[in-house]
Amino acid sequence: MLWEIDIFAAGNQVDRAGEQAACDARDLGFSAISGISAARGYLIEGDLTAEQVTTLAESFLAEGVTERTVVAPVGDMSLCSPFGTRGTVVYVLPKPGVTDTVADNARRAFVNFDVQATGCRTFKKYWIRGLPDDQVRLLASKLLANDAIEQAVFGTLPFKHLQVGSPYDFKLRTVPIRAMSDEDLQNLSKDGQLFLSLTEMQTIRDYFASLDRDPTDIELETVAQTWSEHCSHKTLAGRIDYSGPEGNIHFENMLKETIFTATVQIRKNLGPADRCVSVFADNAGVMTFTDDYNICFKVETHNHPSALEPYGGANTGLGGVIRDPMGTGMGAKPVCNTDVFCFAPPKYDEELPEGLLHPRRIIRGVVSGVRDYGNRMGIPTVNGAVYFDRRYLGNPLVYCGNVGLIPVDMSFKNPLPNDLIVAIGGRTGRDGIHGATFSSAELTHQSETLSGGAVQIGNAITEKMVLDVMLQARDRRLYNAVTDCGAGGFSSAVGEMGEEIGAEVALDSAPLKYEGLSYTEIWISEAQERMVFSVPEEKWPEFKALCESENVEAVVLGRFKPTGRLVLTYNGTVVADLDMRFLHDGRPPVIRQANYVPAPAEPLAPRPEGDLHPAETAVSAGIDTDSLADDLEAILSSLNVASKHWVIRQYDHEVQGGSVVKPLVGARCDGPGDAAVLRPVITSRRGAVISCGMNPLYGDLDTGAMAASAIDEAARNAVAVGADPSTIALLDNFCWGNTDRPETLGSLVHASLVCHNVSVGYGMPFISGKDSLNNEFRPAGEEPISIPPSLLISAMGQVPDAGKCVTMDLKGAGNNLYLVGATKNELGGSHWALVRRLGGGTPPSLDIAVARRTLYAVHEAIDQSLVRACHDLSEGGLAAAAAEMAFAGDLGARLWIDAIDLPLDAKQLASLAALPGLSERVVPNVMRLFAESNSRFLIEVEPEKCAAFEKIFADADVPLTQIGKVTEEKRLVAADGETKLIDLPIDRLKTVWIKPFDLGNDY
Amino acid sequence: MKANKPNVLILRAPGTNCDFETAYAFELAGASAERVHVNRLLEDPSLLDRFEILCFPGGFSFGDDVAAGRILATELRHNLFEPLHRFKEAGRLILGICNGFQILVKSGLLLADDEAQPKATLTWNKSGVYTDRWAHLTVDGGKCVFLKGITSLYLPVAHAEGRFVGRDEAVLDQLQANGQLALRYVPDENPNGAERNVAGLCDETGRVFGLMPHPERYIDPTQHPYWTRLEHLPEVGDGLALFRNAVEYFG
């Protein structure tokens, strides 16, 4: 019997889910809707009586005080309109085989009631009023159900059983590749979702021809996984012929010769002071931290899955990157998360291309996906950013990072020959089949149906259980190596760990979620929450017992046999037998052309009528008056600058008890902190500082300027709270468009070359990185939409005594305000240009030597406790920074900006003064207030400490200008002589800043 | 050093995630804390005999699937109710923080059901979303052992299902008259819409206490959300007093 339980809010409670759905529906244009009622529910299958199911419903599944229930067999009339609900009924259920953790956990708990259910599934149920049936169907597909993972059923549920899967009939398949023409090979690559190039397919064909046999399907899949862009980074780590402003350069391995070389040189320069432990080698980059612990950091992207199923994509994006530190060395304990998102604006009201989800839905899904994984894992999410640009419509970017702590003597792994290959954690299902190859493919309007299987749903608690036992097993030294199952599943994990040894795996030994998986599906499944260990045979009983003691499933998959071969069997039959050398070294080098020509230098000029910059949002409307106060308000309320409290507050940023500087700071806990500081070792005062830098707007003008500015911003943010610049390590994440185009690849190579120079100049090594290419969306019959080049730089610094950290909120009236650094004629790509609808201009430059001296001088001042507040100048320049510092501190500030020197010649002045609404008088002040020149900070100093403070900057030869004072009166005043350019109450500034990006509770 | 440190059992389950810092807070307060998996207690309930204090720390036990704390609470209700009840009757202390509070309420350990009906519950925040923020709290009455001598606190809350709801006004009136609505949010800082601003609740004896805020997250002065502004940094955070009270109860 299949039973249905509907659970409703009790009469005295609000139907929150119903109201939210109705509000979202109206938002999407379903204005005729008159109301939605919602219930949540369970389908339970088994030989159960009505009384038993009612007990489950009332004593367990529903909340007696706030909810009420209806129980009946599926299809019963009593389920149509209980408690007087009216409207068209829509059920939304996870598709068969999609992870349903609530149902799984609920079913296990039924034993407490002596109930044995054979199946359980959750659902949501809606009664929709005011819409005709066809509109209800449209609403279901646009809002209520995501076809990638969910099914909508209208009216009555048509099924009588919940079983998933059917027995699998083993049949070994070979692929007659030796007989294939080039065209056949290309079709095989595409239709089989291998996403390999023709040259690669030919290499495989020739290899098997030389062996005098055809490959099995699983052999072909294994090669495709190992050679995928995701796993091997063949484009950026490949041969590139580049021509650009630096001249012509031939790279054998582009990443190695730019970013990695910078690290090698820095380590050599530092000699014994080198802080790197393991870089670009393991799943995360490892640095020294305390005497007992090293610290590691990894940032990943999960863009393509998040475009199709935002919640699941972001959820498993974070879950996946957490497993990177867990799989680093002998296993690190995750101590904090980071998240950076790029979205199209939430108020997007144009027609959406087919196959795309509305940005609002993507934003909500991504934010809650990260929230539910991070919070459940008990890892604080401490730092991040959100950027908006219409070019992210089809390709939202989801960068997730994780920092881990690892005992010094466990920072390296060493799988040994004849160790057992042990898998623990989640079971294997069809989840995410082809995720690794799929992330190398361009999204099309068909992607949803073609690659829906690539979407995964996470179960954070399974991963937490794995972590709990892993740390105990590590400390008892029960294994020699660990790695995570990420993209490519067992295929990648076993392949990587056994690369130098060889491995034999019995695929039938993997525990499955349901019947029917083929041996190939088992091998390449990307089911989440699995880790693979290399366990010495004599430790296996203790390892297994430990896992069992906490209900974690552990099985022996096989053995690292010292044969140099990868041998896979299924029920005793060999299904694959590959040479590890071919797998890992056999890929033909990809040779690509790249060229870069920076956009020609053009003066700032109004954009043609109707030519919106893709980053413009409704709130950043054009301004053409000389009131600079309006400019400041428009900048503060532009989505990139506006408060991200709606996201931040949903994330636990304090769990684990090490929080020192939170993401929101200041007198009312709402100011935008520059970087997060935490004490990951609870008994130590040493702080880890986490920050980031990114600015895709500069990349439109010059990807080199973007790269330099991103590194400087990440470093500034870390130093602004107290990080010692000599401890800072960097991570790169390149998200780019289609790098098959030489100019797109060229813009990336150019950025990499600049990364090298800045990294070496700053002495800040890159320790890890990841790229995501081909972020383009091709609407049916139209030109592809490419994302803007989007380089995220993440920084991890350290502060010996976290008690010396500072925050950006103003602290005391009467204190002096200093501007550190030089302001230049650099308004290109600025937010001021954006709100004024101006194109062209010069993006911020970077003088590496001055920038380095600046970072060290600011740190020295903070270290000597001379600084009360410190904020870096980024989007919106001085004016935005001063406004944020004032309202965060609940104090005012008076700035005399004419004190700022400007290198501005008469010709530049005249050209800018000709812009609408500007004049020769106002132009220099625009630059002083809104230029986004790098290497600048605004710093508050108590009067008695000013002399010592000024001396540090004079000694370091870093520009320093005293430009204002903190005032009791809660206004921000910026004056040029007697003329007040800005004179606004801080409450007003805070209001325009805090409201624009709040998608919560708007019903 | 005190001669006899009270022993604290920090009970963890799949999804518990505040166990380390809660153990640390108890240690700092002078107790000896041990993290124990619920499976060990299910195998051998007599484990409890070694301990003076039982603490249910924060987290997402079993993912908060079905409802926050519900699965673990059901497990305790069906398999450990007697030993836990004996522990309570023996004059020992039980503390539940956040998810631990939800477990205490839903297992019937904090408020006994009447006619098999629960008297109160903790359910979804009024906002419908998880929220991490700090709130000022006041203490009502002197019944609760953990709040002895404390009049106000400033602590972080971080939860999605922390709204305290009584079955009806009569139940709330009775709990209030009895001094059991021991910890309240300052009215305009109520983060979840809890009835009568309830942040923490104790049983009739004052020895069993549950609260949504996280005292273990404000032990060190640098955990305060604007410690960099404070003229005089306190020696320790407000939260430590709760743990000290528990330790001193056995002193």
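Please go through region A:736-754 and give me each residue that is touching a residue at least 60 places away in the same chain (Cβ under 8 Å), crowded, with 19+ Cβ neighbours inside 10 Å and touching a Leu at 6+ places or on another chain (Cβ under 8 Å), ordered by number.
Pass one, region A:736-754, residues touching a residue at least 60 places away in the same chain (Cβ under 8 Å): A:738-740, A:742-743, A:745-750, A:752-753.
Retained after the next criterion (residues that are crowded, with 19+ Cβ neighbours inside 10 Å): A:739, A:745-750, A:752-753.
Hits for region A:736-754 are A:Thr739, A:Leu748, A:Ser752.
Check A:Gly355 against each of (1) crowded, with 24+ Cβ neighbours inside 10 Å; (2) on the phi > 0 side of the Ramachandran plot and name the one condition it does not meet.
Exception for A:Gly355: condition (1).
Within the group A:Asp419, A:Asp389, A:Asp372, which residue is among the acidic types (Asp, Glu) and farther than 22 Å from A:Asp998 by Cα?
Exactly one residue qualifies, and that residue is A:Asp419.
Please work out which residue is nearest to the other protein chains (Cβ to nearest Cβ), limiting yourself to region B:5-28 and to residues that are part of a helix (DSSP H, G or I) and under 19 Å from A:His653 (Cα atoms).
Going residue by residue through region B:5-28, those that are part of a helix (DSSP H, G or I) are B:19-28.
Now narrow it down to the ones that are under 19 Å from A:His653 (Cα atoms): B:19-22, B:24-25.
Details: B:Asp19: 9, B:Phe20: 7, B:Glu21: 3, B:Thr22: 8, B:Tyr24: 5, B:Ala25: 8 Å.
Checking each candidate, the answer is B:Glu21.
Among the residues of region A:292-304, are any farther than 30 Å from A:Leu397 by Cα and part of a strand (DSSP E or B)? Outline the logic, then answer.
Of the residues in region A:292-304, the ones farther than 30 Å from A:Leu397 by Cα are A:292-293.
Subsequent filtering for residues that are part of a strand (DSSP E or B) retains A:293.
There is at least one residue in region A:292-304 that is farther than 30 Å from A:Leu397 by Cα and part of a strand (DSSP E or B).
This table checks each residue for (1) of a type in the set (A, V, I, L, M, F, W, C); (2) more than 16 Å from A:Pro588 (Cα to Cα); (3) touching a helix residue (DSSP H, G or I) at 6+ places or on another chain (Cβ under 8 Å).
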residue: A:Ile177; (1), (2), (3): yes, yes, yes
residue: A:Ser181; (1), (2), (3): no, yes, no
residue: A:Leu185; (1), (2), (3): yes, no, yes
residue: A:Gly192; (1), (2), (3): no, yes, yes
residue: A:Phe195; (1), (2), (3): yes, no, yes
residue: A:Thr199; (1), (2), (3): no, no, no
residue: A:Tyr207; (1), (2), (3): no, no, yes
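Are there any pairs with C-beta distances below 7 angstrom linking a residue in region A:337-366 that is farther than 13 Å from A:Leu308 by Cα to a residue that is in a helix (DSSP H, G or I) and of a type in the set (Gly, Ala, Ser), with the two at least 6 apart or on different chains, and if so which?
Short answer, once both residue conditions are applied: A:Asn337/A:Gly374.
When you look at B:Glu204, is it free of Cβ contacts under 8 Å to residues at least 40 places away in the same chain, under 22 Å from B:Pro118 (Cβ atoms) and within 14 Å of chain A (Cβ to nearest Cβ), yes or no?
Judged against the criteria, B:Glu204 is not a match.
Residues that are more than 29 Å from A:Arg376 (Cβ to Cβ) and more than 10 Å from chain B (Cβ to nearest Cβ): list the strands (runs of 3 or more DSSP E) wholly contained in region A:646-735 that include at least 3 such residues.
A:724-735
What number of residues within region A:522-551 satisfy the criterion of being crowded, with 21+ Cβ neighbours inside 10 Å and not small (Gly, Ala, Ser)?
Number of matching residues: 13.
Identify all residues within region B:29-41 that are more than 25 Å from A:Val681 (Cβ to Cβ) and at the interface with chain A (Cβ under 9 Å from one of its Cβ atoms); write none if there are none. Give the derivation first.
Initially, region B:29-41 is screened for residues more than 25 Å from A:Val681 (Cβ to Cβ), giving B:38-41.
Passing the criteria: B:Asn39, B:Arg40.
Here is a check on your reading of the model: is A:Ile457 at pLDDT 75 or above and assigned to a loop (DSSP other than H, G, I, E, B)?
yes
If B:Phe209 meets every condition in (1) more than 23 Å from A:Gln13 (Cβ to Cβ); (2) more than 11 Å from chain A (Cβ to nearest Cβ); (3) surrounded by fewer than 24 Cβ atoms within 10 Å (Cβ to Cβ); (4) at pLDDT 95 or above apart from one, which number is that one?
Only one criterion in (1) more than 23 Å from A:Gln13 (Cβ to Cβ); (2) more than 11 Å from chain A (Cβ to nearest Cβ); (3) surrounded by fewer than 24 Cβ atoms within 10 Å (Cβ to Cβ); (4) at pLDDT 95 or above is unmet by B:Phe209, namely (3).
Which of the numbered conditions does A:Leu56 fail, given that it passes all the others? Conditions: (1) modelled with pLDDT of 95 or more; (2) within 40 Å of the chain's Cα centre (by Cα); (3) under 28 Å from A:Pro132 (Cα atoms).
Against the list (1) modelled with pLDDT of 95 or more; (2) within 40 Å of the chain's Cα centre (by Cα); (3) under 28 Å from A:Pro132 (Cα atoms), A:Leu56 comes up short only on (3).
Of the numbered conditions (1) part of a loop (DSSP other than H, G, I, E, B); (2) more than 14 Å from every other protein chain (Cβ to nearest Cβ); (3) of a type outside the set (Val, Ile, Thr); (4) in contact with a His (Cβ under 9 Å, 6 or more places away or on another chain), A:Leu834 satisfies every one except a single condition; which is it?
All conditions pass for A:Leu834, except number (1).
Looking at region A:813-821, can you tell me whether even one residue there is aromatic (Phe, Trp, Tyr) and surrounded by fewer than 24 Cβ atoms within 10 Å (Cβ to Cβ)?
Within region A:813-821, the first condition is being aromatic (Phe, Trp, Tyr), and the residues that meet it are A:818.
Filter once more, so that each one left must be surrounded by fewer than 24 Cβ atoms within 10 Å (Cβ to Cβ): A:818.
Yes, region A:813-821 contains at least one residue that is aromatic (Phe, Trp, Tyr) and surrounded by fewer than 24 Cβ atoms within 10 Å (Cβ to Cβ).
Identify the residue in region A:461-506 that is in a loop (DSSP other than H, G, I, E, B) and of a type in the set (Gly, Ala, Ser) and, among all such residues, is farthest from A:Arg530 (Cα to Cα).
A:Gly502
Could you grab me the full set of residues in region B:154-171 that are more than 24 Å from A:Gly378 (Cα to Cα) and surrounded by 20 or more Cβ atoms within 10 Å (Cβ to Cβ)?
B:Val165, B:Gly166
Over 31 Å from the mean Cα position of the chain (by Cα), farther than 16 Å from B:Asp65 by Cβ, within 14 Å of chain B (Cβ to nearest Cβ) and without any contact (Cβ under 8 Å) to a residue 60 or more places away in the chain, is that true of A:Asp134?
Taking the combined requirement at face value, the residue does not satisfy it.
Out of all the residues in region A:473-490, is one or more among the aromatic types (Phe, Trp, Tyr) and under 27 Å from the mean Cα position of the chain (by Cα)?
Yes, region A:473-490 contains at least one residue that is among the aromatic types (Phe, Trp, Tyr) and under 27 Å from the mean Cα position of the chain (by Cα).
Just checking, how many residues over region B:212-251 are surrounded by fewer than 24 Cβ atoms within 10 Å (Cβ to Cβ), aromatic (Phe, Trp, Tyr), in contact (Cβ under 8 Å) with a residue 60 or more places away in the chain and within 14 Å of chain A (Cβ to nearest Cβ)?
Residues in region B:212-251 being surrounded by fewer than 24 Cβ atoms within 10 Å (Cβ to Cβ), aromatic (Phe, Trp, Tyr), in contact (Cβ under 8 Å) with a residue 60 or more places away in the chain and within 14 Å of chain A (Cβ to nearest Cβ): 0 in total.
List every residue pair whose Cβ atoms sit under 8 Å apart, with the two residues 6 or more apart in sequence or on different chains, where the first one lies in region B:170-184 and is more than 14 Å from B:Thr138 (Cβ to Cβ) and the second, anywhere, is part of a helix (DSSP H, G or I).
B:Leu172/B:Glu195; B:Leu172/B:Arg196
Answer with yes or no whether A:Val98 is part of a loop (DSSP other than H, G, I, E, B), under 41 Å from the mean Cα position of the chain (by Cα) and of a type in the set (Val, Ile, Thr).
Yes; evaluated as a whole, the condition is true for this residue.
Please go through (1) more than 24 Å from A:Gly458 (Cα to Cα); (2) surrounded by fewer than 21 Cβ atoms within 10 Å (Cβ to Cβ) for A:Gln193 and return the number of the only condition it doesn't satisfy.
(1)
Taking the criterion of being at pLDDT 95 or above, assigned to a loop (DSSP other than H, G, I, E, B), surrounded by fewer than 19 Cβ atoms within 10 Å (Cβ to Cβ) and in contact with a helix residue (DSSP H, G or I) (Cβ under 6 Å, 6 or more places away or on another chain), would at least one residue in region A:256-274 satisfy it?
yes
Here is a yes/no grid of residues against (1) at pLDDT 95 or above; (2) assigned to a loop (DSSP other than H, G, I, E, B); (3) farther than 29 Å from A:Gly746 by Cβ:
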position: A:Asn551; (1), (2), (3): yes, yes, yes
position: A:Leu557; (1), (2), (3): yes, no, yes
position: A:Val567; (1), (2), (3): yes, no, yes
position: A:Ala599; (1), (2), (3): no, yes, no
position: A:Ile623; (1), (2), (3): no, yes, yes
position: A:Ala634; (1), (2), (3): no, no, yes
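For B:Ala194, state whether it is small (Gly, Ala, Ser), within 14 Å of chain A (Cβ to nearest Cβ) and either buried (at least 17 other Cβ atoms within 10 Å of the Cβ) or more than 16 Å from the chain's Cα centre (by Cα) (or both).
Yes: the conditions hold for B:Ala194.
Looking at A:Glu537, A:Glu521, A:Glu496, A:Glu526, which is the one that is out of contact with any Pro (no Cβ under 7 Å at 6 or more places or on another chain) and free of Cβ contacts under 8 Å to residues at least 40 places away in the same chain?
Working: A:Glu537 fails: free of Cβ contacts under 8 Å to residues at least 40 places away in the same chain; A:Glu521 fails: free of Cβ contacts under 8 Å to residues at least 40 places away in the same chain; A:Glu526 fails: free of Cβ contacts under 8 Å to residues at least 40 places away in the same chain.
From the options A:Glu537, A:Glu521, A:Glu496, A:Glu526, the qualifying one is A:Glu496.
Does B:Ala160 satisfy being more than 7 Å from chain A (Cβ to nearest Cβ) and of a type in the set (Gly, Ala, Ser)?
Here the answer is yes, as B:Ala160 does meet what is asked.
The values are calculated or read from the model by the stated rules, or taken from the named source; none is laboratory data. The model shown is predicted, which means the values in this text are computed figures rather than measured ones. FYI the Cβ positions are ideal-geometry reconstructions off the backbone, even for glycines, and counts take in every protein chain you see.
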